[in-house]
Amino acid sequence: MVLRMGKQKASKDQTASVVVDKQDRGQMFESLFGFKTSDLTSMDSLLKLLCRPTDPSGLGVMRMVFGLLMVFDIWQERGLSNAVEEFGDPFLCRFPLFDFLKPLPLVWMYIVYLLMFLGEVGILLGLFYRLSCLVFVMTYWYLFLLDKTSWNNHSYLFGLIGILLLLTDANRYWSLDGLLFKRKRHTHVPMWNYAILRFQIFIVYLIAGLKKMDLDWVSGYSMHSIASHYVFAPFRLVLSQEQVSLYIVHLGGLSIDLVSGFLLLFDKTRPIAFVFLGMFHLMNSQLFSIGMFPWMMLATMPLFCYPDWPRGLLHKFPNVMKIVLPADLSLQSSTHCIYDKKSIKPDEKQKSSLPQDKNPPPTSPSRYHKIMVAMLFSYVGTQCVLPYSHGITKGYNHWTQGLYGYSWDMMVHTWNLQHLKITYVDKQSGEEGYLNPKAWVLGGRWSSHPDMIKQYAHCVEERLATYNITDIELHVDVWRALNDRFQQRSVDPRVNLLEAPWGVFTETPWILPLLVDLSDWRGKLSEIEKDIFERDSDTDVVFVADFPGLYLENYVQEDLGNTSITVLKGEVLVELVDRQKNVTLQEGKKMQLPAHEFHNIHTVSNTPSCYMYIFVNTTDVEFKQMVSKYEQIMNGTFKGSDKEAVRIKHEVEVGANHHLFAQYISEKERTEEEQRMSYIQKWRNFVSYKYSMLSRSVKFTVGAVRSLMTGVPFEDFLNATFTEEMAKQGAHHTEQSNVY
């Protein structure tokens, strides 16, 4: 091959370099998809390559590990252990992807979980595999689509892998189906069974890396708080915590995600990928509560090895274990593969490489092969487009793009919800009412997305109607910060959400924009916060930004006896509501705010205002000082008068707030005990906690099945169980209180 640059021919070195480069690209393509680009001469050749017979052992091991991890996942992150809290209250607001999706009665939700569990066990054992996959996929996606507030990327990935396994022949190795149906035992699988799973894992790493090229991530603002975790202790020996956050957490995480998929493709670089990804996922298992995700990603790494890797490994096991291991048999042909005619019709010099059968295996593409390959390419196209589809589904966009869970933008955005006020107004009388933000919901994630805010508004309208509160307006005021920026409004509080427009394919007009022009303040805010904490560790600070023409209504609690406001940018008017007094503050000015009173902060400048609250919980400070003196009295180091010692002991032991002191001291001692606890003790506590989740899951599921079989109302079982749990908790609290 000769390249021309202008009128000159490329040198031989340049030509060789280009050839090598093309060979590298070809090897990468072959590693990912299992064939060379040079083989794609026609559609039939593409079909033959995608359906090329391949060893099933690697896929069979992947199936078993996936089923096992999903068995652990169901009673943890899928929520079986707390299903009664999630689905037991019919008045809870729901946030499904499609409004027609509704939860079943609680007793039947446990049956849904039971069916999912049976599907997972079937996948693990390879028993009635296709049916097991179908049951798992249907129940899993039903629960997933039922609640957008619980979405995350790894839960989405588990569902995708379930769909892919449904389409593949992963029960052709080490499965009970192989024992029941001989034609499925040690049978070839089409090469695309591996290719599609490799593609899925490759795209997870690649797009996660591309999404981490966000300016907030590369600047170190997304996950800086985790740099103090013990897993980064070795790095802190040579780097500061700020350097660990920037170079190890952020830039290191970006690099691993961006290059890991490529490193897995090549034989020479795959061991390097295994080492770094092994450490990466093990660290993630300690840093985050993300269930089975780290272990699932570890389990997918061998997919990039040669398909027959388990056979070589199993040969090294002792003979005594071969009873439970798969037999090392020659592979049978499969109708799902396309074979070379030479392997089917051997000539005189060549023996057949396949076991003979009455019906010879296919040597040309059939309708089945064409349909499966069409589905394969449809899936690939969808997975490439969906993470970047937010320009189409504009209604789901907020400050970030789309619903969190299918874009692979893992850990890029950290939210901090500061304030949430929900107001309803009677249209007839004009009277206002306020709702507890925790009413009818579990958590506050719904307030992060316009589609869920709209669903919540209609849910509240229905709930208030049961209290004869009808014909209302509903307003929501949400204050939150993104990646260490100012706390600011995200929803226009002047808009009646019940009448506000929302559509999947149109932008939401009542979502206020992120004040990105103030992003450069983050470094200065960090310095201010650090300086305040160094001077007084009991002082807290909140940085606020607001839009012109709007105001923040706030109340200073009686405990916050030392609260002030300082203007950092713009101009505000402080309205002291109870005193009917207004004070104008410009940049750099501050004032003290009275406790136990309402005040409003109006932004009167033409540009957004920025200010900070500095406050001290004086009651909490006095409380801690009292406990400290009490501990000094008990250990004989108190230097005050006897009269003061008697007063402090009386206040702590029998005073009006003695129960609060006992609770505080108990928590403090428990924390100190945990710090002194050995690794073995912590592991025992962890196992005990997980066992309690598992036993509760089993107990409630058995109760639901028994209720349906006997006709006894499930509520009777729930009442008896809750009474038993409350009695145990009461006995535990009594035992703890007797200590004091």
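The values are calculated or read from the model by the stated rules, or taken from the named source; none is laboratory data. If you're wondering where the values come from, they're calculated on a predicted model, not measured in any experiment. Cβ sites come from the backbone with ideal geometry, for glycine too, and all protein chains shown count toward neighbours. The accessibility values were calculated without ligands, DNA or RNA, using every heavy atom of the protein model including side chains. Shrake-Rupley method; radii C 1.70, N 1.55, O 1.52, S 1.80 Å.
Quick look at the numbers
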{"quantity": "Filter result for ILE111 (among the aliphatic types (A, V, I, L, M) and open to solvent by less than 10 Å² (accessible area, probe 1.4 Å))", "calculated": "no"}
{"quantity": "Output for the range 199-230, where each listed residue is assigned to a loop (DSSP other than H, G, I, E, B) and farther than 14 Å from LEU258 by Cβ", "calculated": "SER219, GLY220, TYR221, SER222, MET223, HIS229"}
{"quantity": "Residue within the range 135-150 that is open to solvent by 20 Å² or more (accessible area, probe 1.4 Å), among the hydroxyl-bearing types (Ser, Thr, Tyr) and in contact (Cβ under 8 Å) with a residue 60 or more places away in the chain present", "calculated": "yes"}
{"quantity": "Selected residue [polar (S, T, N, Q), touching a residue at least 24 places away in the same chain (Cβ under 8 Å) and more than 29 Å from GLY79 (Cα to Cα)] from SER666, SER707, SER697", "calculated": "SER666"}
{"quantity": "Number of positions in the range 74-98 that are among the basic types (Lys, Arg) and without any contact (Cβ under 8 Å) to a residue 60 or more places away in the chain", "calculated": "0"}
{"quantity": "Failed condition for PRO513, given (1) in a strand (DSSP E or B); (2) surrounded by fewer than 20 Cβ atoms within 10 Å (Cβ to Cβ)", "calculated": "(1)"}
{"quantity": "Selected residue [at pLDDT 95 or above, among the aliphatic types (A, V, I, L, M) and in contact with a helix residue (DSSP H, G or I) (Cβ under 7 Å, 6 or more places away or on another chain)] from MET1, MET64", "calculated": "MET64"}
{"quantity": "Filtered residues of the range 165-193 (kept if touching a residue at least 60 places away in the same chain (Cβ under 8 Å), assigned to a helix (DSSP H, G or I) and under 16 Å from MET372 (Cβ atoms))", "calculated": "LEU165, LEU167, TRP192, ASN193"}
{"quantity": "Subset of the range 277-302 (residues that are of a type outside the set (A, V, I, L, M, F, W, C) and either in contact with a Cys (Cβ under 8 Å, 6 or more places away or on another chain) or in a helix (DSSP H, G or I) (or both))", "calculated": "GLY278, HIS281, ASN284, SER285, GLN286, PRO294, THR300, PRO302"}
{"quantity": "Qualifying residue in the range 446-462 (condition: open to solvent by 30 Å² or more (accessible area, probe 1.4 Å) and modelled with pLDDT under 95)", "calculated": "no"}
{"quantity": "Subset of the range 421-438 that is within 36 Å of the chain's Cα centre (by Cα) and without any contact (Cβ under 8 Å) to a residue 24 or more places away in the chain - its residue that is most open to solvent (accessible area, probe 1.4 Å)", "calculated": "LYS438"}
{"quantity": "Verdict on MET626 being part of a helix (DSSP H, G or I) and either free of Cβ contacts under 8 Å to residues at least 24 places away in the same chain or of a type in the set (S, T, N, Q) (or both)", "calculated": "no"}
{"quantity": "TRP295 being open to solvent by 50 Å² or more (accessible area, probe 1.4 Å), under 22 Å from the mean Cα position of the chain (by Cα) and in contact (Cβ under 8 Å) with a residue 24 or more places away in the chain", "calculated": "yes"}
{"quantity": "Any hit, the range 221-235, residues being farther than 30 Å from LEU525 by Cβ, surrounded by fewer than 16 Cβ atoms within 10 Å (Cβ to Cβ) and among the aromatic types (Phe, Trp, Tyr)", "calculated": "no"}
{"quantity": "Where a residue in the range 573-597 is within 18 Å of ALA545 (Cβ to Cβ) and its partner, wherever it lies, is among the hydrophobic types (A, V, I, L, M, F, W, C) and not in a strand (DSSP E or B), with Cβ under 6 Å and at least six apart", "calculated": "LEU573/VAL604"}
{"quantity": "Unmet criterion (only one of (1) of a type outside the set (D, E, K, R); (2) open to solvent by 20 Å² or more (accessible area, probe 1.4 Å); (3) closer than 21 Å to HIS475 by Cβ) for LEU550", "calculated": "(2)"}
{"quantity": "Within the range 236-260, considering residues that are β-branched (Val, Ile, Thr) and within 20 Å of the chain's Cα centre (by Cα), the one most open to solvent (accessible area, probe 1.4 Å)", "calculated": "ILE256"}
{"quantity": "All positions within the range 516-536 that are open to solvent by 80 Å² or more (accessible area, probe 1.4 Å) and of a type in the set (Lys, Arg)", "calculated": "LYS524, LYS530, ARG535"}
{"quantity": "Those residues of the range 74-94 which are open to solvent by less than 50 Å² (accessible area, probe 1.4 Å) and either closer than 14 Å to SER155 by Cβ or touching a helix residue (DSSP H, G or I) at 6+ places or on another chain (Cβ under 7 Å) (or both), in sequence order", "calculated": "ILE74, TRP75, GLN76, ARG78, GLY79, LEU80, SER81, ALA83, VAL84, PHE87, GLY88, CYS93"}
{"quantity": "Where TYR205 falls short, out of the listed (1) closer than 23 Å to VAL516 by Cα; (2) among the hydroxyl-bearing types (Ser, Thr, Tyr); (3) surrounded by 15 or more Cβ atoms within 10 Å (Cβ to Cβ)", "calculated": "(1)"}
{"quantity": "Cβ-Cβ under 8 Å pairs, at least 6 apart or on other chains, the range 369-387 side closer than 19 Å to LYS211 by Cα and without any contact (Cβ under 8 Å) to a residue 12 or more places away in the chain, far side of a type in the set (Val, Ile, Thr) and open to solvent by less than 40 Å² (accessible area, probe 1.4 Å)", "calculated": "none"}
{"quantity": "Residue tally, condition part of a loop (DSSP other than H, G, I, E, B) and not acidic (Asp, Glu), over the range 446-477", "calculated": "6"}
{"quantity": "Near pairs, Cβ below 7 angstrom, 6+ apart or cross-chain, from the range 49-73 (open to solvent by less than 20 Å² (accessible area, probe 1.4 Å)) to any residue that is of a type in the set (Lys, Arg)", "calculated": "PRO56/ARG172; SER57/ARG311; GLY60/ARG172"}
{"quantity": "One residue from THR637, THR539 being touching a helix residue (DSSP H, G or I) at 6+ places or on another chain (Cβ under 9 Å), of a type in the set (Val, Ile, Thr) and open to solvent by 50 Å² or more (accessible area, probe 1.4 Å)", "calculated": "THR637"}
{"quantity": "Residue in the range 567-618 that is least open to solvent (accessible area, probe 1.4 Å), counting only those that are polar (S, T, N, Q) and under 20 Å from ILE528 (Cα atoms)", "calculated": "SER609"}
{"quantity": "Filter result (over 18 Å from LEU303 (Cα atoms) and either modelled with pLDDT of 95 or more or under 35 Å from the mean Cα position of the chain (by Cα) (or both)) within the range 21-61", "calculated": "ARG25"}
